[in-house]
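Trainee: Pasting a structure below so you can have a look.
The values are calculated or read from the model by the stated rules, or taken from the named source; none is laboratory data. Worth saying up front: this structure is predicted, and the values here are computed from it rather than measured. Neighbour counts are summed over all protein chains in view; Cβ atoms, including those assigned to glycine, are modelled from backbone coordinates with ideal geometry.
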Ligand code: PBG
Ligand code: ZN
């Protein structure tokens with residue numbers, strides 16, 4: 001039917017009349033319970049260091065991180081994703097899977113004071129290896145199969161420390177399967193795996209690598225992280241992870257990858273997490289600090305777009321701040 005035959009009977013603006021009407025018909029919502037705040041934990045005590053390229057985000061010692069979680073819980077942010085800043089790096093990333101490493105220490109301390117928090121730990125080697133790669137390097141190559149037992153050990157160490165969810169991010173084939181089997185063998189059959197299933201080799205991770213001191217010392221991550229020209233590969237990675245036992249799958253980064261989130265939501269029946277990465281945080285902060293964008297309004301629009309695309313869970317460095325803006 002031609003549009004002039006519909007109007008004036010049909011008027012789209014009726015449902016935009018006022019805030020209450022707009023809220024009544026809104027298709028998606030953004031709530032604190034969907035948000036995850038990442039935290040960088042470092043050794044030492046009573047100290048925090050602002051990350052140069054991420055104003056407002058700090059590396060924190062464990063005691064400070066515990067207090068930070070306490071403040072977050074008070075305002076409704078219950079889930080935290082932990083990254084470690086290593087004190088010791090070697091070729092095998094041994095601090096990643098040591099029970100006395102920074103992550104197990106942080107998990108124990110947070111869960112002791114705040115048992116109701118949801119503590120998620122990244123599972124990767126890049127923060128702990130001297131070469132900065134996510135796996136074991138053999139003859140100048142990141143070796144897939146040799147890496148799996150180390151990732152499994154890390155996941156078990158975090159589970160023992162009390163983590164609620166482990167989040168493998170190394171992009172090794174078979175990592176979810178290896179971790180699931182290791183967890184099950186060690187009595188953690190109910191521990192949740194949130195897999196970084198669809199993780200692209202992105203230039204948006206730059207600020208994170210400054211924060212976690214995890215820049216590769218040679219080459220790049222393109223032989224294991226995905227090529228951003230492909231959608232089908234992303235869906236395939238997600239499908240494989242679900243078959244291997246992932247409970248939650250993630251798309252990362254978020255902003256430039258809304259199409260992937262949307263397709264994943266249509267196709268798969270597990271919860272979808274979107275990781276709005278460090279570079280996304282830095283871009284918005286930089287523009288806002290210059291007075292070029294209204295940070296709070298852009299932030300809500302952005303996060304709502306992730307929900308509309310299909311994200312159930314949103315991991316964002318803005319979570320603590322967002323909690324002051326939404327319910
Ligand atoms: C570890 C890891 C990275 C991020 C999350 N886990 C860095 C990388 O892959 O280089 C990036 C997160 C961000 O940029 O906020 N593999
Ligand atoms: Zn890594």
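Trainee: Let me spell it out: the conditions are (1) within 14 Å of ligand 2 (Cβ to nearest atom); (2) over 23 Å from residue 252 (Cα atoms), and residue 115 meets all of them except one. Which number is the exception?
Mentor: Every condition holds for residue 115 apart from (1).
Trainee: Kindly indicate the residue of segment 70-87 that is away from ligand 1 (no atom under 14 Å from the Cβ), touching a residue at least 60 places away in the same chain (Cβ under 8 Å) and in a loop (DSSP other than H, G, I, E, B) and also nearest to residue 118 (Cα to Cα) among those meeting that condition.
Mentor: 77
Trainee: Only residues that are farther than 7 Å from residue 128 by Cβ, within 23 Å of the chain's Cα centre (by Cα) and part of a loop (DSSP other than H, G, I, E, B): list them for segment 88-98, please.
Mentor: Once the filter is applied, which keeps residues that are farther than 7 Å from residue 128 by Cβ, within 23 Å of the chain's Cα centre (by Cα) and part of a loop (DSSP other than H, G, I, E, B), segment 88-98 yields only 98.
For (1) farther than 21 Å from residue 323 by Cβ; (2) free of Cβ contacts under 8 Å to residues at least 12 places away in the same chain; (3) surrounded by fewer than 14 Cβ atoms within 10 Å (Cβ to Cβ), each residue gets a yes or a no:
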residue	(1), (2), (3)
15	yes, yes, yes
24	yes, yes, yes
27	yes, no, yes
35	no, no, no
46	yes, no, yes
54	no, no, no
60	no, no, no
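Trainee: Right, another one. Within segment 237-289, track down each residue that is within 16 Å of ligand 1 (Cβ to nearest atom) and more than 25 Å from residue 33 (Cβ to Cβ).
Mentor: Selection gives 237, 256, 279, 282, 283, 286.
Trainee: Among the listed residues 167, 178, 105, identify the single one that is surrounded by fewer than 24 Cβ atoms within 10 Å (Cβ to Cβ), modelled with pLDDT of 95 or more and within 16 Å of ligand 2 (Cβ to nearest atom).
Mentor: Working: 167 fails: surrounded by fewer than 24 Cβ atoms within 10 Å (Cβ to Cβ); 105 fails: within 16 Å of ligand 2 (Cβ to nearest atom).
None of the other options fit; the residue is 178.
Trainee: Within segment 210-255, count every residue that is modelled with pLDDT of 95 or more and not in a loop (DSSP other than H, G, I, E, B).
Mentor: 20
Trainee: Let me ask something additional. Exactly one of (1) farther than 24 Å from residue 277 by Cβ; (2) touching a strand residue (DSSP E or B) at 6+ places or on another chain (Cβ under 9 Å) is unmet by residue 243. Its number?
Mentor: Of (1) farther than 24 Å from residue 277 by Cβ; (2) touching a strand residue (DSSP E or B) at 6+ places or on another chain (Cβ under 9 Å), only one is false for residue 243: (2).
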